[in-house]
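Reading through the C-alpha cells given below for one structure.
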Amino acid sequence: MTEISKDIITDGKYVELKYKVIDVKTDTVLTEIEYPLGYVQGVNEVLAPAVMQELAGKAAGDTIEVPIDCSLLYGPRDESLVITENIKNVPKEYCEVGTAILMENDKGQTKSFLVTRIAGDYITIDGNNPLCGREVIFRLEILLVRDATDKEIKFGGKIEEGPDLPEGTRVPI
C-alpha cells in the first residue's frame, strides 16, 4: 500500500487558509476570515511573523493555534490617543461606531483613529490599534498546500484569470 504524500508548508508553496482571532480574556472572536486567504509562503507575510513561522511544516487539514501578545506587535496602549469630544463638534459622516478617521498633526504626520463609542452627546475616537494591549489566539485552518506557479511566486498569491474574450472585444467600463 502506497502512502499519499502530503505537501507541507515550505517556502515557495501556495497556501490557502481560514482563521479566527480570539481574545484570550473574553474568549470572543474578534476577527474571522471566512473566505480562504491565499498566499505564497516565504514571498509575502500576510499575517504576523510569529503566525507565519508556526505555519511552516504544517499540511492541509491541520488546524493550529498561535498565541500572540499584541503589546509586542503594537506596543502598549496609549491613553493619550483616546479622545472624547462633544458630538456637535464632529462632522456627521464620522458619527458612527466603527468609522475610521484619518487625522493629521501639526507636523503633517497622519494617523488612523477609530470611532469606538457614542454615548449621549459624546463620541470617543481611539488611535490605538484595536488589538493593542490584548492577548489573542490565531486559530488557523489550513485548507490547501501545493507548489506555487511562477506567476504566483512573482505576485505573492493566486492570480485570478479573467474571461477569455475574442480579440478586439470591447468591454464597457
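Here are the numbers for the structure shown:
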{"read-out": "Lys111 being under 30 Å from Ile22 (Cβ atoms), under 22 Å from the mean Cα position of the chain (by Cα), at pLDDT below 90 and in a strand (DSSP E or B)", "value": "yes"}
{"read-out": "Residue selected from segment 63-99 under the condition surrounded by 11 or more Cβ atoms within 10 Å (Cβ to Cβ), of a type in the set (Asp, Glu) and out of contact with any Lys or Arg (no Cβ under 9 Å at 6 or more places or on another chain), by the criterion nearest to Leu143 (Cα to Cα)", "value": "Asp78"}
{"read-out": "Elements of type strands (runs of 3 or more DSSP E) in segment 15-105, at least 1 residues being free of Cβ contacts under 8 Å to residues at least 60 places away in the same chain", "value": "29-40, 82-86, 100-104"}
{"read-out": "Criterion: assigned by TED's automatic domain parsing to the domain that holds Ile22 and either touching a strand residue (DSSP E or B) at 6+ places or on another chain (Cβ under 7 Å) or closer than 24 Å to Leu30 by Cα (or both) - qualifying residue of Ile87, Ile137, Ile118, Ile101", "value": "Ile137"}
{"read-out": "Residue list for segment 55-74, restricted to those being over 15 Å from Val21 (Cα atoms) and acidic (Asp, Glu)", "value": "Asp62"}
{"read-out": "Test: Pro36 is within 20 Å of the chain's Cα centre (by Cα), within 24 Å of Lys6 (Cα to Cα) and surrounded by 13 or more Cβ atoms within 10 Å (Cβ to Cβ)", "value": "yes"}
{"read-out": "Residue ID - modelled with the lowest pLDDT, chosen from residues in segment 120-173 that are crowded, with 16+ Cβ neighbours inside 10 Å and acidic (Asp, Glu)", "value": "Glu152"}
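The values are calculated or read from the model by the stated rules, or taken from the named source; none is laboratory data. None of the values given here were measured: they were computed from a predicted structure. Note that each Cβ is placed from the backbone with ideal geometry, even for glycine, and that neighbours are counted across all protein chains shown.
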